[in-house]
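Structure first, then comments.
The values are calculated or read from the model by the stated rules, or taken from the named source; none is laboratory data. Values in this document were obtained by computation on a predicted structure and should not be read as measured data. Here the Cβ positions follow ideal geometry from the backbone for every residue, glycine too, while neighbour counts run over all protein chains shown.
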Ligand code: SAH
């Protein structure tokens with residue numbers, strides 16, 4: 001049975017898939033329908049056909065899900081930053097727990113049928129939770145605009161107001177676009193111009209302090225702009241510039257320089273404060289990070305006899321949560337600025353710049369024997385070489401903090417050869433998006 005583009009079909013939606021889209025089956029063929037919900041019957045038009053699946057758009061919903069809600073955001077459809085805002089929040093949490101189960105079912109790590117996948121811990125008020133924005137800047141007509149690129153394109157969707165973004169960071173970027181226009185600062189464009197490509201704005205939950213980075217293909221003169229901006233927003237403590245001249249889709253180039261203000265701002269989580277420099281990664285949802293870290297500490301069950309590795313450490317905030325609970329702490333990250341922060345944030349910790357897959361084998365070769373390991377990798381998951389190292393060294397206790405259910409389930413296939421998966425706790429770090437975060441407790445078999 002082959003489906004054709006423009007063909008119109010009735011479809012029952014069986015589940016919500018990994019990108020938040022409805023998934024149905026038409027005569028043996030899997031059909032993805034963005035915007036449709038589990039339990040709905042839709043009339044849809046095929047817009048793309050691949051060998052194993054097709055994609056369709058909803059023409060009409062014949063039977064509506066009782067959990068369908070009207071999205072609170074005006075640009076929800078064009079923006080693409082959120083994918084499941086049309087699903088009631090309690091159901092979003094169930095969906096995220098279900099995504100973990102779907103991924104386990106697909107990769108089948110050892111004993112997966114009996115893993116305890118715990119209910120997702122959600123937010124009381126799932127609004128304005130994103131403490132950091134990274135908006136693209138483009139000149140449209142006479143005005144500089146900032147926002148996100150629509151999916152798979154370089155077409156800017158301007159964002160002047162956002163339901164999930166911290167309101168101060170939004171006000172700051174709105175002012176920045178005005179000032180960039182007014183001061184006629186050069187703005188980047190793939191084909192023609194050099195100038196500012198992206199702006200990062202982040203606000204500390206603890207102090208309210210704001211830091212920002214202009215990411216530009218060339219060096220630009222920002223003195224007057226910075227003066228007006230910091231007068232209007234006294235909470236801005238750091239303004240930096242990152243030069244990124246390559247034509248890649250990476251957000252940042254290699255060098256970051258502070259143009260104005262302090263090296264780092266102070267942020268806090270659990271009962272401690274820590275330094276955060278503009279270029280370092282830190283969790284996007286500081287409120288839920290409290291819960292994530294608390295769950296990570298609980299899952300580890302560390303004692304004062306443990307020697308802990310905090311891999312993919314960022315600024316060492318996870319390691320810091322174990323201070324006083326373990327004998328020693330080591331960690332690593334590829335971002336030098338993050339490691340500079342980690343060295344301040346984790347007294348007596350040993351933090352190094354480098355990849356987990358090179359630094360950990362080096363430590364082991366030097367005779368260091370960790371008894372506890374926590375990993376918090378980016379969406380790509382663990383490197384194959386690192387998996388081999390872990391399986392060979394087998395620290396007794398391990399916690400895997402994951403932001404991608406697919407790479408998590410894939411990595412568990414190898415890890416479950418030597419570790420038993422005690423439970424998986426999902427935590428909602430990104431309400432209204434299809435993204436999930438999970439803490440996995442592993443114990444050596
Ligand atoms: N644990 C930190 C950061 C987690 S995000 C926190 O809770 O905030 C993932 C981190 O992994 C980022 O800081 C990124 O710079 C780092 N990273 C990416 N690839 C890496 C690799 N191969 N080895 C070590 N760190 C890496």
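Couple of notes before you dig in:
- Every residue from the range 279-311 that is part of a loop (DSSP other than H, G, I, E, B) and within 13 Å of the ligand (Cβ to nearest atom): 279, 280, 281, 282, 283, 284, 285
- Scanning the range 140-172 for residues that are assigned to a strand (DSSP E or B) and either surrounded by 21 or more Cβ atoms within 10 Å (Cβ to Cβ) or in contact with a helix residue (DSSP H, G or I) (Cβ under 8 Å, 6 or more places away or on another chain) (or both) gives 143, 144, 145, 146, 147, 148, 157, 165.
- Scanning the range 18-33 for residues that are within 17 Å of residue 99 (Cβ to Cβ), surrounded by fewer than 21 Cβ atoms within 10 Å (Cβ to Cβ) and at pLDDT below 95 turns up at least one hit.
- Looking at 94, 77, 132, 125, just one residue is closer than 22 Å to residue 156 by Cβ and at pLDDT 95 or above, and that residue is 132.
- In the range 238-255 there is no residue that is on the phi > 0 side of the Ramachandran plot and either more than 24 Å from the chain's Cα centre (by Cα) or in the same structural domain as residue 312 (by TED's automatic domain parsing) (or both).
- Of all residues in the range 312-351 being assigned to a strand (DSSP E or B) and more than 10 Å from the ligand (Cβ to nearest atom), the one that is surrounded by the most Cβ atoms within 10 Å (Cβ to Cβ): 329
- The residue list 408, 442 contains one member that is closer than 30 Å to residue 79 by Cα, in contact with a strand residue (DSSP E or B) (Cβ under 6 Å, 6 or more places away or on another chain) and either in the same structural domain as residue 105 (by TED's automatic domain parsing) or in contact (Cβ under 8 Å) with a residue 12 or more places away in the chain (or both), which is 408.
- For the range 265-278, filtering for residues that are assigned to a strand (DSSP E or B) and either crowded, with 23+ Cβ neighbours inside 10 Å or in contact with a strand residue (DSSP E or B) (Cβ under 9 Å, 6 or more places away or on another chain) (or both) leaves 8.
- Within the set 421, 427, 413, the sole residue that is touching a helix residue (DSSP H, G or I) at 6+ places or on another chain (Cβ under 6 Å), at negative phi and surrounded by 22 or more Cβ atoms within 10 Å (Cβ to Cβ) turns out to be 427.
- Residues that are at pLDDT 95 or above and closer than 19 Å to residue 250 by Cβ do not occur anywhere in the range 161-181.
- Among the numbered conditions (1) outside any loop (DSSP other than H, G, I, E, B); (2) touching a residue at least 60 places away in the same chain (Cβ under 8 Å), the only one that residue 113 does not meet is (2).
Yes/no per residue for (1) out of contact with any strand residue (DSSP E or B) (no Cβ under 8 Å at 6 or more places or on another chain); (2) within 30 Å of residue 104 (Cβ to Cβ):
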residue	(1), (2)
117	no, yes
122	yes, yes
126	yes, yes
132	no, no
135	no, no
139	no, no
145	no, no
150	no, no
155	no, no
